[in-house]
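Every read-out reported here was derived from the displayed coordinates using simple, explicitly stated rules and does not represent laboratory data. On a predicted model such as this, the values are computed, not experimentally measured, just so you know. Cβ placement follows ideal geometry from the backbone for every residue including glycine, while neighbour counts extend to all protein chains displayed.
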């Protein structure tokens, strides 16, 4: 800092601590709720200190789920979410890096057309083409399947553009040197381009994993079979019945479990996450 | 559009490399979108036997429908409130983090994680806090004589979804503001300090104007987020209610199309939404291009 | 090892921009030829056409007896050293050197032997297990050379390999490249914009301007008898002074200039050919005002203005002569030191 102003520094920390608390407060309350018995929520104010029902709640949700509400065990939904998020992240990275490679390192007839077709996907989020996309997936017989859950979300203009942008900054001479060294296009891709892109791949993977994990509308449309519920979707189903049976501890345990994997990913890979986020959106 | 200085001469390989992306794009994006456009000009009878071309009738009906206009207005209010709330809090936090050099990383870690929380979950968390029966916040508001029940009050329902949607977006805005602040040249701030400007004055006259590209970019991104990514927040909390008070455009496409099965109207609504996205994308890219030149 | 023959090579880009406008050149087996010219003269494009990194629009390119126009770079039996070295950042130095050999299906012991040998020659043995980012600029340069060396190709192509180095290293590497090439006797084509580098390295120089050859010859041939005003001012530092013939004729000794060819209207004089003391040989005299005195150790540069002319002129003398800025000085130049040019065509007239 330019100069030392103790009061201002104190104020800064105060604002930050308040900010951190406000941001964390809803999650704290949810976690606290998950450690109490269902009876605590019938009247009065929600508890603000931990209860002693932690093990019971979490083992019930992870084990049997909550059959009355029609929710499968949480581990199954966590599994589905993991499969969905991983498939989407890997799929997006894979097809985008291949497309960007084609667009940057080759000159061919329909190059510009291909670029525009990919570009258009930016303007067609799933929310604006819900019904016809659902119809296509239904016609292909992909309702209630992992393919139906993931394939329509795998195309990615932003990821393609990110890789394109990155490839443009890779020195021309690397490709030329590899050509002189006798490497063809795919050998160059595998031996040189993939290794030098590894940080970008990882950063994008983190962002896309979270993107896949938090999906809600699409799973809501294409999965009616409980075996394919993702955890995010499962929460909504639990909520629907908790108006009648206020088992808030169970709902909030599920909410907590639904947050743990993606939040851990963000926290453990903060550097990659920030890089991925600030670069994909540009 | 640029390629590398030297390129491979392969005839079929580029098409093969593009095939997966293009196949998915065509099957799940272009084709459905064209279907939406097509059916926005058609009407299907109640039994689904006859489909007839009706021109702009669906659009005329949608645009004359008070409930659609209501949704349009609600979406605008929602978008403006979320963007303003979340961006101003994020800017405040980013400025603070940018001031504390030593603990910047620590605070950043504690502020970024809500990005990973699903919108539905964000909705559930705040819905729980605002629960009229046992929620903590209605209890506190009661001391001030405010009776909270978002199941009855449309305004309160709107406040609820605004807070939930803004809460989730703070981390995103925060990161971009922080990146913007960190790229402000230190020499400029030092020069202003030598010129005798106080920290507050320095911020408003030097730093904030330099942040304007980031601010503008975030405004577009936030509007986009509020319009399309808040479906989960609404579905988890108010489901558009009470009495359509929190009905956004996207939520209406969903309720009319999926629940109401009114394909013609829902398609026309989808096409209008597409036009809005195209407009937003256009603004964003024009602006990004300008930023590159600057 | 092989000769390289360029016959009518042209490069035309989309929109009819001609970067290379018909180059004929025969490089003999084992020769070190330097392509030199200002940026944008087409020298790099020409080199890249020889490498196979740019397509050839017109003309024939032969390496040895083989026409290689349509061949991939890898099939032309050449190796290239790039300006920014183009080392694979994720591979160790060893693997950087070995990559081309592996792609060509060499056996492990052979690769090992060649890499060790090249590393020894370039004194980079201790860096073999390092990554390029752990090396200094000069060390990276050596690795880039090593990558070319291990291949034992028919020809080396160098694309401004020294321009990313600092001045001192540049001189050192220049000497090493020359020694190495003498020892290996591999045909080499070297691109640079630095005339001093070109003069000191090449068996022959090819001076390029605007996609065409201005002059081909040994460094001394070109220095002694530049074929055009462009070459005259490009080769040699400080640049050759160009004095209008009409001005010299007003200086009294016009009879001396009578035998210059008829088209001559400009006379070139190298900065070191203007002397402060009258030579024995028959000579001209000019008077000039000293505007700036630049002492550079073993030599000094005198920036002067010829009396009665606006022509700025540079003179190089050895040591530090006792003259002062503002003084009017007398300079002598022999008849043999004059280079006659026709400014309309830019060509030498004698």
Query raised in the report: How far is helix C:167-184 tilted off the main Cα axis of chain C, in degrees rounded to 10, range 0 to 90?
Result: 60 degrees
Query raised in the report: If you line up the Cα atoms of chain C on their principal axes, what length do they span on each, largest first, in Å?
Result: 77, 44, 37
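So what is the calculated 222 nm ellipticity per residue for chain B, using -39500 (n - 2.57) for each DSSP H run with n of 4 or more, over all residues, to the nearest 500 deg cm²/dmol?
The per-residue figure over chain B is -22000 deg cm²/dmol.
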**Report entry** Whole-number Å³ per residue for the convex hull built on Cα positions in segment B:102-206
**Finding:** 162 Å³
Report summary line: Ranked from fewest to most other Cβ atoms within 10 Å of their own Cβ, C:332, B:251, A:28 fall in the order A:28, C:332, B:251
Report task. Output the antiparallel fraction of DSSP beta bridges having both residues in the protein assembly as shown, as a percent to the nearest 5. Result -> 75 percent
Query raised in the report: Would you list B:31, B:12, B:126 from fewest to most Cβ contacts within 10 Å?
Result: B:12, B:31, B:126
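Averaged across orientations, what area in nm² does the convex hull of the alpha carbons in segment A:196-265 project? Working shown, then result.
Numbers: hull surface 23.1 nm².
Mean projected area for segment A:196-265: 5.8 nm², to one decimal.
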Report task. Give me the angle, in degrees from 0 to 90, between the Cα long axis of helix C:108-122 and the longest principal axis of the Cα atoms of chain C, rounded to the nearest 10. Result -> 20 degrees
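Name the shape class, rounded, prolate or oblate, that the alpha-carbon gyration tensor gives for segment A:74-198, where a ≥ b ≥ c are the square roots of its eigenvalues, rounded holds for a/c under 1.5, and otherwise prolate holds if a/b is larger than b/c and oblate otherwise.
Working: a/c = 2.82, a/b = 1.78, b/c = 1.59.
It is prolate, given that a/c is not under 1.5 and a/b is the larger ratio.
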Query raised in the report: Is chain B rounded, prolate or oblate when judged by the Cα gyration tensor, a ≥ b ≥ c being the square roots of its eigenvalues, rounded requiring a/c under 1.5 and prolate requiring a/b larger than b/c?
Result: oblate
Requested in this report: Rank by packing, highest mean first: peptides B:127-135, C:255-263, with packing defined as the count of other Cβ atoms within 10 Å averaged across residues.
Outcome: B:127-135, C:255-263
Report summary line: Between the Cα axis of helix A:6-34 and the main Cα principal axis of chain A, the angle (0 to 90°, nearest 10) is 70 degrees
Query raised in the report: Peptide B:244-250: average number of partner chain Cβ atoms within 10 Å per residue?
Result: 1
Report summary line: antiparallel share of DSSP beta bridges within chain C, to nearest 5, in %, is 75 percent
Report task. Compare the peptides B:163-173, B:144-154, C:80-90, C:281-291 by average per-residue count of other Cβ atoms within 10 angstrom and give them in order, highest first. Result -> B:163-173, C:80-90, C:281-291, B:144-154
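Return the Rg/Rh ratio of the protein assembly as shown with Cα-based radii and a Kirkwood Rh. Intermediate values should be presented prior to the final figure.
On the way: Rg = 37.2 Å, Rh = 33.6 Å.
Ratio of gyration radius to Kirkwood radius: 1.11.
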Query raised in the report: Say we join alpha carbon atoms closer than 10 Å with springs in a Gaussian network model of chain A; which of A:160, A:82, A:12 then has the biggest fluctuation?
Result: A:12
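Need one value for A:103-113: mean number of C-beta atoms belonging to other chains within 10 Å of its residues' C-beta atoms. Mind dumping the intermediate values first?
On the way: counts 7, 5, 9, 12, 8, 11, 3, 4, 5, 1, 1.
For peptide A:103-113, the averaged partner shielding equals 6.
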Query raised in the report: Over the Cα atoms of segment C:82-147, what Rg and Dmax result, in angstrom?
Result: 10.9, 31
Query raised in the report: Between A:128, A:136, A:214, which gets the highest mean-square fluctuation from a Gaussian network model of chain A, Cα cutoff 10 Å?
Result: A:128
Query raised in the report: How are the C-alpha pair distances of chain A spread across 10 Å bins, as whole percents from the shortest bin up?
Result: 6, 21, 25, 22, 15, 8, 2, 0
Query - Simple label model, 7 Å out from Cα along Cβ direction - residue B:80 to residue A:75, nm - result: 5.2 nm
**Report entry** Set of segment C:56-95 residues, backbone N closer than 18 Å to the point 7 Å along the Cα-Cβ line of residue C:130
**Finding:** C:85-95
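If you rank C:239, B:6, B:52, B:267 by fewest surrounding Cβ atoms within 10 Å, what's the result?
Details: C:239 15, B:6 20, B:52 9, B:267 27.
Ascending number of Cβ neighbours within 10 Å: B:52, C:239, B:6, B:267.
Give me a single rounded figure for B:89-100: the average over its residues of other chain Cβ atoms within 10 Å of their Cβ. Show your work: numbers first, answer last.
Numbers: counts 3, 1, 0, 3, 7, 0, 2, 10, 4, 2, 9, 5.
Mean shielding count: 4.
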Requested in this report: Between B:194, B:272, B:140, find the one with the highest GNM mean-square fluctuation for chain B; connect C-alpha pairs within less than 10 Å.
Outcome: B:194
Report task. Kindly provide the Kirkwood hydrodynamic radius of segment C:1-160 in Å, to one decimal, from all pairs of distinct alpha carbon atoms. Result -> 16.8 Å
Query raised in the report: If one puts a single equal scatterer on every Cα of segment C:240-341 and applies the Debye formula without solvent, what log₁₀ I(q)/I(0) results at q = 0.14, 0.15, 0.24 Å⁻¹?
Result: -0.50, -0.57, -1.41
